[in-house]
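Q: One structure, pasted below without further comment.
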There are 2 protein chains.
Amino acid sequence: MSVRAGIVVTGTEVLTGRVRDLNGPWLADRLLEFGVELAHITICGDRPADILAQLRFLAAEGVDLIVTSGGLGPTADDVTVATVAEFCGRELLLDPELEERIADILRRMIQRRTTSSTAVDFEAVLAANRKQAMVPVGAEILEPVGTAPGVVVPGTPTVVVLPGPPRELQPMWARAVATAAVQQATAGRTTYRQETIRMFGLPESGLAETLRIGEQSIAGFERMEITTCLRRGELEIVTRYEPDDVDVYAGLVGLLRDHHAREMFSTDGALIDDQVAALLSGRTIATAESCTAGMIAARLTDRAGSSAYVAGGVVSYSNEAKSDLLGVDAALIAEHGAVSEPVAEAMAAGALRRFGADTAIATTGIAGPGGGSAEKPVGTVCFSVALGDGTTTTRTLLLPGSRSDVRERSTTVAMHMLARALSGGDGD
Amino acid sequence: MSVRAGIVVTGTEVLTGRVRDLNGPWLADRLLEFGVELAHITICGDRPADILAQLRFLAAEGVDLIVTSGGLGPTADDVTVATVAEFCGRELLLDPELEERIADILRRMIQRRTTSSTAVDFEAVLAANRKQAMVPVGAEILEPVGTAPGVVVPGTPTVVVLPGPPRELQPMWARAVATAAVQQATAGRTTYRQETIRMFGLPESGLAETLRIGEQSIAGFERMEITTCLRRGELEIVTRYEPDDVDVYAGLVGLLRDHHAREMFSTDGALIDDQVAALLSGRTIATAESCTAGMIAARLTDRAGSSAYVAGGVVSYSNEAKSDLLGVDAALIAEHGAVSEPVAEAMAAGALRRFGADTAIATTGIAGPGGGSAEKPVGTVCFSVALGDGTTTTRTLLLPGSRSDVRERSTTVAMHMLARALSGGDGD
């Protein structure tokens, strides 16, 4: 019997999308690691009736643990502790020692700021913060990281009340897990393993077909929880299973490898960016970008330490730039058009030469919405990878979607072509 | 009596935080614009029992409209339409015409890909996609943008079922709003006006102070709903008000202009990207990027038609690239360091010259986490804008945050420096 949890995220600014919720996903990860199954995340504004409704919904769904985030501040719109107390049927009482500890924190904060701020009415601040020292009877207090304490209210379900700012919530979650109430509520939890496989260039329906084969051929297949997600041509396959089912998972990996060896580029969760970075160690790369216009260079330099292997690049949006900066023969452009494999190859060769690099990637394409023709429709993109040993891999793809889709997908394709070329594949 | 709505986001990858939910916040914005109050967002995995529980919870809370996102794909874990049909007590029937339209879409998709891909078992693909043509009796079909159709199921509440990918969901939401069922379910909504003002370089506390003045000095101020959001140094101020309060809003705009004329760059919601694009009309721009490494070029070319004014750029990550491709004197780098105003100016001048452009922007900085020093800490970035008439604006900033924060913030600063220089400002 597994242990289930729900998360209640409160705050009008989060509900209305003005502030992105970082706590739901972060807590989801922690619960998973902890061996607790997350069933629901609910988000509502700072209205007691809506918060109460969500707590009651989760209790009715039989969750063992509820974690709330937000609504612990000193202002009137912060109502979470009082609402949780009502939900649990516990009285709310002032804890004088906690009040004194909050007052100490405030005193230190105000002292630190007085150089740059106007005079502070300390009594008014204390009055506003007094409500933060109101605690449901029988709850365990989680000492504040900022000024807001959290609470753990034992029961069925047990409720953990945490503040909204992630830098306060995160350390306080660790304290909450250590409380007797949380340990008891989650006593029956299961530890799962979670593994990630990544594929590139396989449609979701192709994977679905292989998984149907797995259902028939792998004993215990149904005990694994497999979720798939398609993003920019990459398919992410996340599998959760109990430690005893390690052989069942090995069967799945074998099946996927048998059917999709070519598309499967990662079985350890590593991203294509990680793989390219590792493959570029000891090398020097230069980019020559037309339709992606800097996106490949930006992606390669996204990680710390990339200056060790990135020399630079040229964004050659105009034909003149292709000729002047990359040495592409103007006659070649006139003959084949700027979007053509010969021009892509000449761009990559030019980047190798101009930057003294041993690895180069070039893109030239029609991102749209204008500029397409019957022969070269919008989405046509030519790629070329050139290596210092003279190896060149060139291909043309027709990519779907909007201008921004074509540019982003092209950037991802470029990363995969680089990885294949650098690992000795045929780049196809 | 206001109209209330709930959003149900489905997908194990969203619940577990592996994929960030973009649909909840986007739909929240659209509902607000539409005059509907959002009460709850709920997120669950691809489990029919959990989805059903959330739908029933929202119905019990008395919402008039439920919008779901996700779970419309061809794989077995996509269960939203069947679950909504169960919730609404409607049978699920195959729509043969819809099935044919989906088959057409798939045929075109597969034809486009066959040049570069292996043979596809079209019948297997069709079988996997057949379930996407199952529709609850009496529902209106929302034609697919990808391969997954949506549905609108009339009733109390009315349920709008949309696919998960934002580029499919967003156009399909517009179609959903136009249906008779959604119009009827939301007949009692209030229409608000919503206006957006944008500022750059003003701290949130400075704005808060000005708004306090407004509370005292502008009659009817409290009837406006003002929300502010700080993002990458830009402050977005969104105000909702009833049409009768147009003069109250004019008072707010006047107050903000009186206090922050310098920082207020947009009163019509236009983004800095829109403004730079307009200012570049008839001009030619080139970029010379070190720490931003292509991000400015990528941002300038993000919009359709940018090839009319973007010549290209150089990503000069190494010192050699700065000298070889942009003609920056190696002695200048040796004397002042690569991250210095003289080098930024020489990069901009080099970009003007090499691309035959009349506008150039250069960045050179320390994005971190390594590479900082006491004199030039991580976050130090030098910017230079050079125009064809010889005007040059150069400045150095110390930007906070992580490597990615510094790079993104630098890109935004560059856009604002360009706008100010091109509109004849002092670029400060």
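Q: What's log10 of I(q)/I(0) for segment B:1-56 at q = 0.17, 0.20, 0.24, 0.30 Å⁻¹, Debye sum over Cα points only, no solvent?
A: With no solvent term, the Cα-only Debye profile gives -0.57, -0.74, -0.93, -1.14.
Q: Also: Rank these for me by crowding, B:MET134, A:MET109, A:MET415, going from fewest to most other beta carbons within 10 Å.
A: Details: B:MET134 18, A:MET109 14, A:MET415 21.
Ranked by crowding around the Cβ, least crowded first: A:MET109, B:MET134, A:MET415.
Q: Same structure again: Under 1.5 on a/c is rounded, so check that first for chain B, then, if it is not, pick prolate when a/b is larger than b/c and oblate when it is not; a ≥ b ≥ c are the square roots of the alpha carbon gyration tensor eigenvalues.
A: Verdict is oblate for chain B.
Q: May I pose another question? Three principal axis extents, largest first, for the C-alpha atoms of segment A:193-270, in Å?
A: Here the Cα extents, ordered largest to smallest, are 33, 24, 17 Å.
Q: Got a sec? Charge dipole of chain B, +1 on Cβ for Lys and Arg, -1 for Asp and Glu; which of B:PRO149, B:TRP173, B:CYS44 is way out at the positive end?
A: Final value for the positive-end residue is B:PRO149.
Q: At a Förster radius of 30 Å, what calculated FRET efficiency corresponds to the Cβ-Cβ distance of A:ALA304 and A:ARG283, to the nearest 0.05?
A: Once the sixth-power term is evaluated, E becomes 0.95.
Q: Placing +1 at every Lys and Arg Cβ and -1 at every Asp and Glu Cβ, with all other atoms neutral, what dipole size does segment A:273-422 have around its Cα centre, in debye to the nearest 20?
A: Working: 12 positive and 15 negative charges, 46 e Å.
Computed charge dipole of segment A:273-422: roughly 220 debye.
Q: Which residue, chosen from A:VAL182, A:ALA60, A:PRO74, occupies the Cα position most advanced towards the positive end of the dipole of segment A:4-185, where the dipole is computed from +1 (Lys, Arg) and -1 (Asp, Glu) charges on Cβ about the Cα centre?
A: About the Cα centre, the residue reaching furthest to the positive side is A:PRO74.
Q: Follow-up. Only Lys, Arg, Asp and Glu count, each charged at its Cβ (+1, +1, -1, -1), so figure out the dipole size of chain B about its Cα centre, rounded to 20 debye.
A: Computed charge dipole of chain B: roughly 680 debye.
Q: Let me make sure I get this right: for the protein assembly as shown, a, b and c are the square roots of the gyration tensor eigenvalues over alpha carbons, sorted descending. Under 1.5 in a/c it's rounded, otherwise prolate if a/b > b/c, else oblate. Which is it?
A: Oblate shape, in that a/c is at least 1.5 and b/c is the bigger or equal ratio.
Q: Test of understanding: express the Cα radius of gyration of segment A:1-143 as a ratio to 2.2 N^0.38 Å, with N the residue count.
A: 1.19
Q: Also, quick follow-up: Over the protein assembly as shown, what is the percentage of antiparallel beta bridges among all DSSP beta bridges, to the nearest 5?
A: 60
Q: For the protein assembly as shown, give the magnitude of the charge dipole about the Cα centre (Cβ charges: +1 Lys/Arg, -1 Asp/Glu; no others), in debye to the nearest 20.
A: Charge dipole of the protein assembly as shown: 940 debye, to the nearest 20.
Q: Can you return the lysines within cross-link range of B:LYS376? Criterion is Cα-Cα under 29 Å, with same-chain partners fewer than 8 residues away left out.
A: In chain and number order, the partners are B:LYS322.
Q: If you don't mind, another one. Please tell me the relative contact order of segment B:273-422 in percent, rounded to the nearest whole number, where contacts are Cα pairs under 8 Å and at least six residues apart.
A: On the way: 306 pairs, mean separation 36.8, N = 150.
The normalised contact order for segment B:273-422 reaches 25 percent.
Q: Another one. Sorting A:GLU345, A:GLU335, B:GLU99 on the 10 Å Cβ count, fewest up front, what's the list?
A: Taking fewest neighbouring Cβ atoms as first place, the list is A:GLU335, B:GLU99, A:GLU345.
Q: May I ask you to report, in nm to one decimal and beginning with the shortest, the distances from A:ARG47 to the same position in the other copies, taking label points 7 Å along Cα-to-Cβ?
A: Label-point separations across copies, in nm and ascending: 2.8.
Q: For helix A:341-355, report the angle its Cα long axis makes with the longest principal axis of the Cα atoms of chain A; keep it between 0 and 90° and round to the nearest 10°.
A: 70
Q: Given label points at 7 Å from Cα along Cα→Cβ, what nm distances, shortest first, separate B:ALA76 from the same residue in every other copy?
A: Nearest first, the other copies' label points are 5.6 nm away.
Q: Give me, ordered by chain and number, the residues 5 or more places off B:SER266 or on other chains with an amide H under 5 Å from its own placed amide H.
A: It is B:ARG198, by chain and number.
Q: To continue, here is another question. Would you tell me the mean number of C-beta atoms belonging to other protein chains that fall within 10 Å of each C-beta in A:199-209, as a whole number? Could you put the intermediate results ahead of the total?
A: On the way: counts 0, 0, 4, 1, 9, 6, 13, 6, 2, 11, 6.
What the average comes to for A:199-209 is 5.
Q: Could you grab the relative contact order for chain A? Cα pairs under 8 Å, six or more apart, rounded to a whole percent.
A: That works out to 10 percent.
Q: If the elastic network links every pair of Cα atoms under 10 Å, which of B:ALA28, B:ALA293, B:ALA53 fluctuates the most in the Gaussian network model of chain B?
A: Its mean-square fluctuation being the largest, the pick is B:ALA53.
Q: On C-alpha positions alone, give me the angle between the axis of helix B:166-177 and the longest principal axis of chain B, in degrees, nearest 10.
A: 50
Q: Now, a different point. Using a Gaussian network model on chain A with a 10 Å cutoff between Cα atoms, which of A:LYS376, A:LYS131, A:LYS322 fluctuates the most?
A: So, out of A:LYS376, A:LYS131, A:LYS322, the one fluctuating most is A:LYS376.
Q: Now, a different point. Taking the 0 to 90 degree range and rounding to the nearest ten, how far is the long axis of helix A:403-422 tilted relative to the main principal axis of chain A, both from C-alpha atoms?
A: 70
Q: In deg cm²/dmol and to the nearest 500, what is the mean residue ellipticity at 222 nm of chain A if only DSSP H runs of at least 4 residues count, each as -39500 (n - 2.57), divided by the residue total?
A: -12500 deg cm²/dmol
Q: How high is the relative contact order of segment A:4-185, in percent, with contacts defined as C-alpha pairs under 8 Å that are six or more residues apart?
A: Normalised by residue count, the contact order of segment A:4-185 is 23 percent.
Throughout, read-outs are computed from the coordinates displayed, never taken from laboratory work. Since the structure is predicted, the reported quantities are computational estimates derived from the model, not experimental observations. Here Cβ is always computed from backbone atoms with ideal geometry, including for glycine, and neighbour counts include all displayed protein chains.
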